[in-house]
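Since the structure comes first, as structure tokens, the remarks are kept for the end.
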Amino acid sequence: MSLIDELRSAYLFANLSPEQLERVARKARHVSLEEGKVLFTQGDPADRFFFLLSGQVKLYRLSAEGNEKIIEIVGPGHTFAEALMFLSRPRYPVSCAALAPAELVAVDAVDFTAMLRGSVDTCMMLLGELSQRLRGLIAEIDRLSLQSATCRVAGYLLAKAPADADEFQLDVPKGVVASRLSVKPETFSRIIKHLSEGGIIAVHGGLIRILDRSALRREAEAFGTLADAVESAFRPPCG
């Protein structure tokens, strides 16, 4: 597959004209990462954004004590770091490293920004993508502020489970999942044990089998959501 065909498969580039795709491809380059290899570090100049072709990468921050907090796990078919192109002197606010061997396309952010000035359709598409991510961040704040650790773990398992199957393989190590959910590894292990002993799930290494989906859903929804709280606060009284 050519670089132009790879770019066209991304939502952000799908509606670009052939001339625009040619322009992006001329400035883009392939990047290969081995597992654990760092792509960029927090504070580096953000002169490129990325389209992940295969593998997985994590976006993370390190505390002053060196503790890692995973902000996002990016899978194939997704772009990341594109919002930074609108800043005057952008720097990456997170670090990025490969969770598994990864293939990416690195796009010249400066040239892409210049091209956007002549493409209203592409600007609107990008704004739509960023709006979706904003909604995702609001949902993340919801989970972290109002939900217990058990809620977050149960919700994650439900989200990962296929609709037509009760058994699935965790695609990242349990420690990575714990960091993504802002749960300590030992707390994550205790929650998994609690769900297992309750007959809700069965665990064999990274293989998860949901034994009682309704009970798992009740665990995930035990504390409600921020959206429910806001809706309730502003709902007019009955009668």
query: Which condition number does ALA28 fail, the rest of (1) under 16 Å from the mean Cα position of the chain (by Cα); (2) within 27 Å of LEU116 (Cα to Cα); (3) at pLDDT 90 or above being met?
result: (1)
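State yes or no: is LEU16 outside any loop (DSSP other than H, G, I, E, B), of a type in the set (A, V, I, L, M) and not assigned by TED's automatic domain parsing to the domain that holds LYS160? So that I can check it myself, show each step before the final result.
On the way: outside any loop (DSSP other than H, G, I, E, B): no; of a type in the set (A, V, I, L, M): yes; not assigned by TED's automatic domain parsing to the domain that holds LYS160: yes.
The answer is no for LEU16.
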query: Does the stretch 21-33 include one or more residues that are assigned by TED's automatic domain parsing to the domain that holds ALA106 and in contact with a Pro (Cβ under 9 Å, 6 or more places away or on another chain)?
result: yes
- prompt: Which one of ASP108, ASP121 is surrounded by fewer than 16 Cβ atoms within 10 Å (Cβ to Cβ) and of a type in the set (D, E, K, R)?
  reply: ASP121
query: So which helices (runs of 4 or more DSSP H) stay within the stretch 170-239 end to end and still have 2 or more residues that are modelled with pLDDT of 85 or more and surrounded by 12 or more Cβ atoms within 10 Å (Cβ to Cβ)?
result: 174-180, 185-197, 213-220
- request: May I ask you to list pairs of residues, at least six apart or on different chains, whose Cβ atoms are under 6 Å apart, with the first in the stretch 23-36 being on the phi < 0 side of the Ramachandran plot and the second being surrounded by 12 or more Cβ atoms within 10 Å (Cβ to Cβ) and of a type in the set (Val, Ile, Thr)?
  value: ALA25/ILE4; ALA28/VAL105; ALA28/VAL107
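Applying the selection to the stretch 32-85, what residues are of a type in the set (Ser, Thr, Tyr) and outside any strand (DSSP E or B)? Break it down into steps so the answer makes sense when it comes.
Initial filter on the stretch 32-85 (of a type in the set (Ser, Thr, Tyr)): 32, 41, 54, 60, 63, 79.
Result: THR41, SER63.
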query: Applying the selection to the stretch 25-52, what residues are touching a helix residue (DSSP H, G or I) at 6+ places or on another chain (Cβ under 6 Å) and either more than 16 Å from ASP108 (Cβ to Cβ) or among the aliphatic types (A, V, I, L, M) (or both)?
result: ALA25, ALA46
field: The one condition in (1) among the aromatic types (Phe, Trp, Tyr); (2) touching a helix residue (DSSP H, G or I) at 6+ places or on another chain (Cβ under 6 Å); (3) free of Cβ contacts under 8 Å to residues at least 60 places away in the same chain that PHE80 fails to fulfil
entry: (2)
- request: Determine which single condition ALA10 fails, assuming it passes every other condition in (1) among the hydrophobic types (A, V, I, L, M, F, W, C); (2) farther than 17 Å from SER179 by Cα; (3) exposed (fewer than 14 other Cβ atoms within 10 Å of the Cβ).
  value: (3)
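The values are calculated or read from the model by the stated rules, or taken from the named source; none is laboratory data. As the structure is a prediction and not an experimental result, all values here were calculated from the model. Note that each Cβ is placed from the backbone with ideal geometry, even for glycine, and that neighbours are counted across all protein chains shown.
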